[in-house]
Amino acid sequence: MSGDFSRTDLEALHRSGRGKLVVLGLVLVAALAAAGWSFLKPGGTGNPEELHRVMVVSPLSGRSIPLADSGFDAVEGSFAAWISKAEDEVPDLEVDGVEAIMVVADRFGYAWVIFENPKDVDFSGLEIEGGVPTMTETTRFAVVSAGDLAFPHRMTLNPEPSKVVRDTTTIMMQALFAQDEMAEITAEGEALGISALQLRDRVSDAVERVGRVPTAERMAEKVVEQVVDLLSGPERTEPKPTLVGHELEVTKPIPLPNGQVLSIAQGFDLVSRDGVRVELDLDKTEQFLVGAPGSSAADREACTALAGGSVSVRDSAKFWYAADGSALLIKTVSDGLNLWTLAADAPPCGFVHAGSVAPALPGLGDGAPVPQGVSGRVARAGYVRGQGVVSVVRAGHDEDMVLGMLDGIRLSDPRWIGDRFIVAIASSSPGGLVFFDVEQPMLALGLSSLLFDGASDINEFAIGGTPEAPALAVVAGDDVARLYALTPGSLQQLFDNPPVDAELAQLEPEAVRQEREGLPTVVLMDTNAFDPKLVTATGGPRNVVVSGDGSKVAFRVRGDEVDAVEPGDSEVAVASMNPPEGGGGVRVMTLNALKDYTPRFTADGKHLTFRTRLDVPRTEWVITAGRVTALE
């Protein structure tokens, strides 16, 4: 019989029994062939796998919740829990470990198994297409295909985590959407079939979440660009200030007596949890770094000699430093208050631990402690039993020296001049300044605020120069704050022969010299013996500081007279301590829309460091950047 059948032949066969057997045989052969192909084709043994069904293997609970909230059918359990589940659900289970977990996934129709911390998992029992991918320190999740998708298994890992979008759920989803079937529904412009469209609609929240990552990264880059532009672009002065450090850093710059600048710096990254808003992720430590004035962030070196080079933010560190940077006080929860000192000829990070500083006795330490580098002493203003005092303690010692004890007068803001003399503000009616000598603790010299055009009080002051030729910058004024320069002459001579009003001393000796049994004598100096010079009567000067040689004063100012374009923010300015008659000669060093404040001179007087407050765009954060500008 030939292999070709005509219609007549088929009809004849059909009419005969032999024909019936032939047709039946053909049908049977076809059915057996189909059954054999189905048996030989690799496939799962349990429920059909569905792409929205996910198993999570994690030591932590809660990983499946965001998946479920995003449309996935997600379950979770620890590695050991899934092994136990496999033993309960699958009789005569012949495999263990990862293989047993994959059996459970196959049995219940889960298409994907997500393993957290996959570096700790042995995948050698699985046939994985291309082998197990190389894992790095940033590998948080591995996704393994299961059931019908597992011949062989395919494994995908999370990519390098974004520096901007850091939440664990997004990282986990990135590993999941790296699988081909899941990646398909995230690709733009792809023509999808019905089932893929249904899957994308079901897990649309997850698709959107993964898609936010590049959007958030572009947004963060834009914010960084805006920060850089704000800190360097809109200045209307020359030379333009430069950063102390880098743009993603909160910095306190402190000029040191050896010419370097110490930075107390806390770095941060810009992060986003929703791809819409940006937040700051601050480093967990504050670093101590040193560099030359105006040097780049990369040129700074770690200052490990100072408290090991860093402090943890958990220690809630507070810092106080001498005006010339020769001493730094660090208070932490773990170590208390410690003093570090630096000599003028010390190397860039030549700090020495001078010792711990005893806590102030009740009432003796109401104000901020003020360190002095050479002597290792710390001064604190206080008010005890109705008396204003300045207590002085040396690092490593417990006993306080108490100065002043002025009845009904509160003292504040003590300032060292050299290692021996202290000047503080006295609040009374009228107020003024009080001079102390730690070598003559039983004598205090008072100078009335009336000296400064009849001001009733002193707002703030700074002191520079040397004890032999001190220079004071004083802010005073009842209606308008004015800045004055005062050079009172040698402090040693001042204490040896205090200038007093001779006529008043004869008429009312108690008004000039208050002799108190067992207490320091207070001498009220004659204001006519001093000649303050007006530096400026505009701009509301604050944050005054005097250069080391006493020749210049720097301060913060604001207002229309300072900057008609941006009058609402503060700028830093410099003036001579020997101003022309009536004031003048003020040089504004910054003109911008930022708040610049707390200027400090470098040791050689050629640079000015200061701090700048900046509202980070698209956030609710305000950072403080350190900046520096050249004066010559």
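The values are calculated or read from the model by the stated rules, or taken from the named source; none is laboratory data. Being a predicted model, the structure only gives us computed values, none of them experimental. Neighbour counts run over all protein chains shown; Cβ positions are idealised from the backbone, glycine included.
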Legend entry - Among residues of region 368-386, those that are surrounded by fewer than 19 Cβ atoms within 10 Å (Cβ to Cβ) and at pLDDT 95 or above, counted: 0
Legend entry - Verdict on residue 518 being out of contact with any strand residue (DSSP E or B) (no Cβ under 9 Å at 6 or more places or on another chain) and farther than 24 Å from residue 449 by Cβ: yes
Inset, instruction - Taking the residues in region 605-632 that are touching a helix residue (DSSP H, G or I) at 6+ places or on another chain (Cβ under 9 Å) and part of a loop (DSSP other than H, G, I, E, B) as candidates, determine which candidate is surrounded by the most Cβ atoms within 10 Å (Cβ to Cβ). - result: 616
Inset, instruction - Being within 16 Å of residue 175 (Cβ to Cβ), among the charged types (D, E, K, R), in contact (Cβ under 8 Å) with a residue 40 or more places away in the chain and in the same structural domain as residue 168 (by TED's automatic domain parsing) narrows it down to one of 116, 137, so name that one. - result: 116
Inset, instruction - Tell me, please, whether a residue that is touching a residue at least 60 places away in the same chain (Cβ under 8 Å), over 19 Å from residue 268 (Cα atoms), outside any helix (DSSP H, G or I) and of a type outside the set (A, V, I, L, M, F, W, C) can be found in region 216-234. - result: yes
Legend entry - When residues of region 562-578 are limited to those that are hydrophobic (A, V, I, L, M, F, W, C) and surrounded by 18 or more Cβ atoms within 10 Å (Cβ to Cβ), the one nearest to residue 461 (Cα to Cα): 577
Legend entry - Matching residues in region 579-604 - criterion: being touching an Asp or Glu at 6+ places or on another chain (Cβ under 8 Å) and either surrounded by fewer than 17 Cβ atoms within 10 Å (Cβ to Cβ) or in a strand (DSSP E or B) (or both): 588, 593, 595, 596
Inset, instruction - Please work out which residue is farthest from residue 604 (Cα to Cα), limiting yourself to region 434-469 and to residues that are crowded, with 23+ Cβ neighbours inside 10 Å and within 38 Å of the chain's Cα centre (by Cα). - result: 458
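Out of the residues in region 302-316 that are under 19 Å from residue 261 (Cβ atoms) and among the hydrophobic types (A, V, I, L, M, F, W, C), state the one that is nearest to the chain's Cα centre (by Cα).
So the residue we want is 311.
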Inset, instruction - Mind telling me which of the residues 631, 608, 614 ends up being touching a residue at least 24 places away in the same chain (Cβ under 8 Å) and more than 25 Å from the chain's Cα centre (by Cα)? - result: 631
Legend entry - Members of region 261-303 found to be among the polar types (S, T, N, Q) and at pLDDT 95 or above, listed by number: 263, 266, 285, 287
